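One structure is given below, encoded as structure tokens.
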Amino acid sequence: MIARMNIAIITASGFSVPSAVSNRLNAYGRGLNELGNQVTIITLTDCQTNLRSIAAEYPSINYVGLGDRRRKHRICRIYSSYLAGRAAARWISLQSENRPDAVIYYGMLMPARIPISKICEKLSIPTFDEITEYPFVGRQKKWRRRLEYYLFMQKYLGKNSGILCISNGIIDFIEDSLRQQNRNIPIMLFGLIVETDKFACQNEENKNLPSFWVDHPYIVYCGNMYGNKDGVPDLIKSFALANEMHPDLHLAIIGDNSNVSRMAHINAAMDGLSCKTNIHFTGRVEWSTLHAYMCNALALVLAKPKNIQNEGAFPTKLGEYLACGKPVICTSVGDIPLYLQHNENALLAEPGNTSQFAEQICRCVEEAQLRVHLAKNALLLAESEFSHKRQAEKLQTFILHIINL
């Protein structure tokens, strides 16, 4: 008989606005709960009031909000982070009758980590860090972030009972760091996780869309516009090439595009394109609308470029794409080609090869039988490998093995 655990997940990320992080934590929090465990998700960003809607969606998970968004100045935000960490430590110390058997950290850096780590050490609570990106990469220009990650890697990583890594590239990086510190800590490959039933598409999804999107063929990208992580400029260039062959095709790009300066590289990619009117930036949209866009798309696309950051990539959104049961077109980076097979459950292109990516878009438009084949196998892969219940079972086994319950 498997022991029932009390697991606390502590994160610096918020839940009031849906994101890849919140989707991931909700997914395995739900999975652990369905396996009979008590799960508490503590956010150091949102206050309790901001968690009402997510708590209503997942009533079996205990959401605790300890954040305060009122402090805007950088120094005040740092102090707020420490206060939120101290509040989390106090929450743990007060659970005398129901103390966590394990604490999982997600994105927990300084200074919030300091008081939480102290109380977990004092009470001998096993801790696990979940790492989904290379530390330092993409943060070189921010001295405070560099310092935070340095302290995390040198002082706090080695205090864990176990470590969860989203990809093999991240595992290699963490193992090398631990060897340099002469530490040997169990590491688990904890890849994509998705609530397949939540993302499954139904026939009536188009009720949430304007008629334009029902009447025109289109492909969808959903995610982060900023930085070099997701390759939106490459996607735009690829779409422009495909649109020459299929001028009725449209591209919906869903996600925050309000930061003018950080959108400059994307706007530059749009310059001079004859198909500008076929490319639509929706901004952030509600979940029901987002899901409707995805479910009525011809294909879901992701053109990640080849860079150090993406060597350790296994993007959460890819699990969501697959779970929709739609054709997926993406680049072959990180752990993606270990699971996605070209022409079987996805169409793959070389990163940075916009003409090859455009070719896959055209194939998807032109070959109806291929779309059916890809969609069916995408859903099968999501359900067999990445479902929230399956991944939670692996995580539960890993934790139980370490804490010997």
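The values are calculated or read from the model by the stated rules, or taken from the named source; none is laboratory data. In this text the structure is predicted, and so the values were computed from the model without any measurement. Note: ideal-geometry Cβ built from the backbone for every residue, glycine included; neighbour counts use all protein chains shown. Calculation scope for accessible area: heavy atoms of the full protein, side chains included, ligands and nucleic acids excluded. Shrake-Rupley method; radii C 1.70, N 1.55, O 1.52, S 1.80 Å.
How many residues, within the range 6-44, are assigned to a loop (DSSP other than H, G, I, E, B), open to solvent by 40 Å² or more (accessible area, probe 1.4 Å), touching an Asp or Glu at 6+ places or on another chain (Cβ under 7 Å) and under 17 Å from VAL64 (Cα atoms)?
Residues of the range 6-44 assigned to a loop (DSSP other than H, G, I, E, B): 12-19, 35-37, 44.
This time we only want the ones that are open to solvent by 40 Å² or more (accessible area, probe 1.4 Å), so: 12, 16-19, 35.
Then keep just the ones that are touching an Asp or Glu at 6+ places or on another chain (Cβ under 7 Å); that gives 16, 35.
Narrowing the set further to residues that are under 17 Å from VAL64 (Cα atoms) leaves 16.
So the count comes out to 1.
Please determine whether any residue of the range 288-301 is of a type in the set (Val, Ile, Thr) and over 20 Å from ASN257 (Cβ atoms).
So in the range 288-301, the residues of a type in the set (Val, Ile, Thr) come out as 289, 301.
Cutting the leftovers down to over 20 Å from ASN257 (Cβ atoms) gives us none.
The answer is no, given that none of the residues of the range 288-301 is of a type in the set (Val, Ile, Thr) and over 20 Å from ASN257 (Cβ atoms).
Could you list, in sequence order, all residues of the range 229-247 that are over 24 Å from the mean Cα position of the chain (by Cα) and hydrophobic (A, V, I, L, M, F, W, C)?
If the condition is that a residue be over 24 Å from the mean Cα position of the chain (by Cα) and hydrophobic (A, V, I, L, M, F, W, C), then PHE239, ALA240, LEU241, ALA242, MET245 are the ones that fit.
So LEU123 ticks every box in (1) out of contact with any Pro (no Cβ under 8 Å at 6 or more places or on another chain); (2) modelled with pLDDT of 95 or more; (3) buried (at least 16 other Cβ atoms within 10 Å of the Cβ) but one. Which box is left unticked?
The number of the failed condition is (3).
Answer with yes or no whether ILE54 is without any contact (Cβ under 8 Å) to a residue 60 or more places away in the chain, touching a Pro at 6+ places or on another chain (Cβ under 9 Å), surrounded by 20 or more Cβ atoms within 10 Å (Cβ to Cβ) and assigned to a helix (DSSP H, G or I).
So ILE54 fits the description; yes.
State all residues of the range 217-242 that are open to solvent by less than 70 Å² (accessible area, probe 1.4 Å) and not hydrophobic (A, V, I, L, M, F, W, C); if no residue qualifies, say none.
If we filter the range 217-242 for residues that are open to solvent by less than 70 Å² (accessible area, probe 1.4 Å), which is where we start, we get 217-223, 225-227, 229-236, 238-242.
Scanning the range 217-242 gives PRO217, TYR218, TYR221, GLY223, TYR226, GLY227, LYS229, ASP230, GLY231, PRO233, ASP234, SER238.
Quick one: what pairs do we get from the range 261-273, first residue touching a residue at least 24 places away in the same chain (Cβ under 8 Å), second surrounded by fewer than 16 Cβ atoms within 10 Å (Cβ to Cβ), C-beta under 8 Å, 6+ apart or different chains?
ARG262/GLY227; MET270/LYS276
Please verify whether the range 156-167 includes one or more residues that are modelled with pLDDT of 95 or more, touching a Pro at 6+ places or on another chain (Cβ under 9 Å), open to solvent by less than 60 Å² (accessible area, probe 1.4 Å) and among the small types (Gly, Ala, Ser).
Within the range 156-167, one or more residues are modelled with pLDDT of 95 or more, touching a Pro at 6+ places or on another chain (Cβ under 9 Å), open to solvent by less than 60 Å² (accessible area, probe 1.4 Å) and among the small types (Gly, Ala, Ser).
Would you mind finding the one in GLN309, GLN369 that is more than 30 Å from MET5 (Cα to Cα), in a helix (DSSP H, G or I) and in contact with a Gly (Cβ under 7 Å, 6 or more places away or on another chain)?
Testing whether each residue is more than 30 Å from MET5 (Cα to Cα), in a helix (DSSP H, G or I) and in contact with a Gly (Cβ under 7 Å, 6 or more places away or on another chain) leaves just GLN309.
Checking MET245 against (1) touching a helix residue (DSSP H, G or I) at 6+ places or on another chain (Cβ under 7 Å); (2) among the hydrophobic types (A, V, I, L, M, F, W, C); (3) crowded, with 17+ Cβ neighbours inside 10 Å; (4) modelled with pLDDT of 95 or more: exactly one of these is not met. Which one?
(3)
For the range 302-351, what are the residues that are over 15 Å from the mean Cα position of the chain (by Cα), of a type in the set (A, V, I, L, M, F, W, C) and more than 18 Å from GLY227 (Cβ to Cβ)?
Correct list: CYS324, VAL328, ILE329, LEU338, LEU340, ALA346, LEU347, LEU348, ALA349.
Out of ALA88, ALA102, report the one residue that is hydrophobic (A, V, I, L, M, F, W, C), crowded, with 19+ Cβ neighbours inside 10 Å and more than 20 Å from ILE402 (Cβ to Cβ).
On the way: ALA102 fails: more than 20 Å from ILE402 (Cβ to Cβ).
Selected residue: ALA88, the only one of ALA88, ALA102 that is hydrophobic (A, V, I, L, M, F, W, C), crowded, with 19+ Cβ neighbours inside 10 Å and more than 20 Å from ILE402 (Cβ to Cβ).
Spot the failing condition for GLU286; the list is (1) loosely packed, with under 15 Cβ neighbours inside 10 Å; (2) in contact (Cβ under 8 Å) with a residue 12 or more places away in the chain, and only one is missed.
For GLU286, the exception is condition (2).
The rows are residues; the columns are (1) of a type in the set (Lys, Arg); (2) over 23 Å from ASN307 (Cα atoms).
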{"position": "LYS198", "(1), (2)": "yes, yes"}
{"position": "ILE219", "(1), (2)": "no, yes"}
{"position": "SER261", "(1), (2)": "no, no"}
{"position": "ASN278", "(1), (2)": "no, yes"}
